[in-house]
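The values are calculated or read from the model by the stated rules, or taken from the named source; none is laboratory data. This structure is a prediction, so every number in the text was calculated from the model and none was measured. Glycine gets a Cβ as well: all are built from the backbone with ideal geometry, and neighbour counts include every protein chain shown.
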């Protein structure tokens, strides 16, 4: 049944204008944003042209071509890419320049963006500049008539990246000069600078670690009124060549330093094995006492000694535990490749080397002579002033580590009064000695501590690495082979700033200082579309 029609007298027809909007859209055959290198895009276009040509040859019953691309085929693909980039941005200008009216080509309007470039279209349909150097001899055609490329286009970015890689990631001016030989790109220098910032290889080779602000000194450096060598730093230096009969042998020196009063204790070591390290530590403990904490670098011999120490403490075997220490000693390792964390003993290693070089002659010493020279060097280093040497008060000498070890700078001074065996005299002498030591500690607090309160480097706050950040290990001894990884966790210092990181690499999980890793600022690439 047909629907009933409405009464025509009761309906009014609404009249609306019909508007048509025409848009000229230029779309390329290939999406250039899917390509990361210009040569790949160029070869893809060349393959398309080859496919079309082979189809025509088959139709004409001619043999197909399957050889490598010739220069003409690659140039044809380049012209097609240039036309694609130009028509996507300068399509109105291309339309005007291709039209002919009364036997003459039309001119561009003065409002055009490329009006001042005097553009023209060559025989391949490419938009070029009509320059003032067309009369130059021995100059390539592209230099006389550079190709115009839009500054915000994916093809332009790929071409600049190709020049950047071709000239081995050279500086900005080199790439800029080479691009100008063939192309005209507006704001070229700015584009080249932004390209370098996006280049992954340049990011890796130019990456620098972000050093946090220098942290506060540890407790071991700021603990007065304690026994010397309560907090110890341990390091090795050498080898030193000695005479053994008619042959030569190598010896090393273990340097123990008190982190509080900066005194040193030297032990000659005959090898770099763990057993030799254990015996050197044992000799130190017998003469200086058991420390509360030992800090050292990540040497294999130190790690072995610490593992033995932990096993002894866990077993609570009194005989084995007395090999080096008691149950209260803790061994702390600095991260690998972080010498700045052991600056207290690294600087004293240099002082001992200077003193030893002054005492030693050009001849190789024997073991007994080496031992004597090391003790002499130890005395020289321990007599160095820790504070300012006053020129006005001749009676008060500068504070030295020997004041805490020997109650004088050279260890030759005697107590002011003779010691008697009477109880009241013993109590008086004990108070006198205690007061003398406390006086040295008061001078240490008043004169030495203010000299180490100021930061010497890394003054600014920086953005430290976070969990999940991609990083590379900065190693100046390795060329073109810096290890890469991803941060698993961040170890913060007492001040809350990141100081160490655990990084997962292809070789396992490594612990490094923040100053030895550089964060790679990797962000998802943003495709640059056509210029609006």
- Right, residue 163: more than 30 Å from residue 203 (Cβ to Cβ), out of contact with any strand residue (DSSP E or B) (no Cβ under 6 Å at 6 or more places or on another chain) and surrounded by 15 or more Cβ atoms within 10 Å (Cβ to Cβ) or not? no
TODO: Answer yes or no as to whether residue 286 is in a helix (DSSP H, G or I), modelled with pLDDT of 80 or more, out of contact with any strand residue (DSSP E or B) (no Cβ under 9 Å at 6 or more places or on another chain) and surrounded by fewer than 20 Cβ atoms within 10 Å (Cβ to Cβ).
DONE: yes
>> One residue is enough: does the stretch 513-530 have a residue meeting the conditions part of a strand (DSSP E or B), surrounded by fewer than 16 Cβ atoms within 10 Å (Cβ to Cβ) and modelled with pLDDT of 85 or more?
In response: no
In the stretch 59-74, anything farther than 24 Å from residue 42 by Cα and part of a helix (DSSP H, G or I) is listed as 59
If you go through 385, 416, the only one that is at pLDDT below 55 and assigned to a loop (DSSP other than H, G, I, E, B) is 416
* **So residue 65, is it under 47 Å from the mean Cα position of the chain (by Cα), surrounded by fewer than 18 Cβ atoms within 10 Å (Cβ to Cβ) and in contact (Cβ under 8 Å) with a residue 12 or more places away in the chain** => no
Of (1) crowded, with 21+ Cβ neighbours inside 10 Å; (2) part of a helix (DSSP H, G or I); (3) modelled with pLDDT of 85 or more, residue 234 fails just (2)
Here the residues within the stretch 450-476 that are outside any loop (DSSP other than H, G, I, E, B) and in contact with a helix residue (DSSP H, G or I) (Cβ under 9 Å, 6 or more places away or on another chain) are 452, 472, 473
Test result for residue 398, at pLDDT 80 or above, outside any helix (DSSP H, G or I), out of contact with any strand residue (DSSP E or B) (no Cβ under 7 Å at 6 or more places or on another chain) and farther than 17 Å from residue 258 by Cα: yes
Within the stretch 235-261, residues closer than 22 Å to residue 344 by Cβ and in contact with a helix residue (DSSP H, G or I) (Cβ under 7 Å, 6 or more places away or on another chain) come out as 235, 237, 253, 254, 255, 256, 257, 259, 260, 261
Per the filter on the stretch 68-90, residues within 42 Å of the chain's Cα centre (by Cα) and touching a residue at least 40 places away in the same chain (Cβ under 8 Å) are 81, 82, 84, 85, 86, 88, 89
Q: Would you confirm whether any residue within the stretch 40-54 is touching a residue at least 40 places away in the same chain (Cβ under 8 Å) and on the phi < 0 side of the Ramachandran plot?
A: yes
